[in-house]
1. If you check Ser73 against the conditions, is it under 28 Å from the mean Cα position of the chain (by Cα) and at pLDDT 85 or above?
2. Do we find that Leu79 is at pLDDT 85 or above, surrounded by 10 or more Cβ atoms within 10 Å (Cβ to Cβ) and not in a helix (DSSP H, G or I) in this structure?
3. If the requirement is being hydrophobic (A, V, I, L, M, F, W, C) and at pLDDT below 50, which of these qualifies: Ile46, Ile25, Ile42, Ile8?
4. Would it be correct to say that Ser87 is within 21 Å of Lys41 (Cβ to Cβ) and either in the same structural domain as Thr138 (by TED's automatic domain parsing) or surrounded by 12 or more Cβ atoms within 10 Å (Cβ to Cβ) (or both)?
5. Of everything in the range 102-128, what is closer than 14 Å to Lys148 by Cα and either in contact with a Pro (Cβ under 6 Å, 6 or more places away or on another chain) or not assigned by TED's automatic domain parsing to the domain that holds Ser146 (or both)? Give them in sequence order.
6. Among the residues that make up the range 131-141, is at least one of them among the hydrophobic types (A, V, I, L, M, F, W, C), without any contact (Cβ under 8 Å) to a residue 24 or more places away in the chain and closer than 30 Å to Glu43 by Cα?
7. Return the residues of the range 70-102 that are without any contact (Cβ under 8 Å) to a residue 60 or more places away in the chain and charged (D, E, K, R); say none if nothing qualifies.
8. Just checking, which of Leu116, Leu93, Leu111 is more than 30 Å from Glu43 (Cα to Cα) and part of a loop (DSSP other than H, G, I, E, B)?
Amino acid sequence: MCVKFILIFCKIRSFFCNIRSFFNILFRKSKLYLLLLFMTKIENEIQYNWAVKRVEELLPVVDDNTPSNDPNSIELELLSNLVADYSEQYFSLGEPSLPDVIKLRMYEMGLNQIKLSELLGISPSRVSEYITGKSEPTLSVARNISRKLNIAPAIVLGA
């Protein structure tokens, strides 16, 4: 009788310990969800660093097969959006300038200023003015730059 009582007591104790740890986990998670629920914007770099770290922790856990209603998946999506918004606001690179894009394309194509002037049908001094940003290309030259260097017209025209 005593052994049976001890076994039942151990099972009950084990059950309540499991319940207690379950509620501890649930409580910790719910605090996190409440934090995420009310966190509509990352306000400072400390929050940003925390969010980036948490996203990096969640990435191995969530994959394409994870259900969309999974708590980790929801948390990852919310935090990713917050991190993206903060990054865009404070770490944005901005639009590239025409001189920078021309220099990059010259490097990629192995061109120097003389070869570029021959390709575009303009003088090397005019190419130099475009590269230094001292002057803007005419519409016909801008069209050539866009077509022959494969640069988006919006960048060439400054739009």
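1. Values: under 28 Å from the mean Cα position of the chain (by Cα): yes; at pLDDT 85 or above: no.
When the stated conditions are applied, Ser73 does not pass them.
2. In short, no.
3. Result of the check over Ile46, Ile25, Ile42, Ile8: Ile25.
4. Considered against the rule, which asks whether it is within 21 Å of Lys41 (Cβ to Cβ) and either in the same structural domain as Thr138 (by TED's automatic domain parsing) or surrounded by 12 or more Cβ atoms within 10 Å (Cβ to Cβ) (or both), Ser87 comes out as yes.
5. Passing the criteria: only Ser117.
6. Within the range 131-141 (the criterion being among the hydrophobic types (A, V, I, L, M, F, W, C), without any contact (Cβ under 8 Å) to a residue 24 or more places away in the chain and closer than 30 Å to Glu43 by Cα), the answer is no, since none of the residues qualifies.
7. Answer for the range 70-102, where residues must be without any contact (Cβ under 8 Å) to a residue 60 or more places away in the chain and charged (D, E, K, R): Asp70, Glu75, Glu77, Asp85, Glu88, Asp100.
8. Working: Leu116 fails: part of a loop (DSSP other than H, G, I, E, B); Leu93 fails: more than 30 Å from Glu43 (Cα to Cα).
Result of the check over Leu116, Leu93, Leu111: Leu111.
The values are calculated or read from the model by the stated rules, or taken from the named source; none is laboratory data. All of these numbers come straight from a predicted model, not from anything done at the bench. Methodologically, a virtual Cβ is constructed for each residue, glycine included, from the backbone with ideal geometry; neighbour enumeration extends over all protein chains shown.
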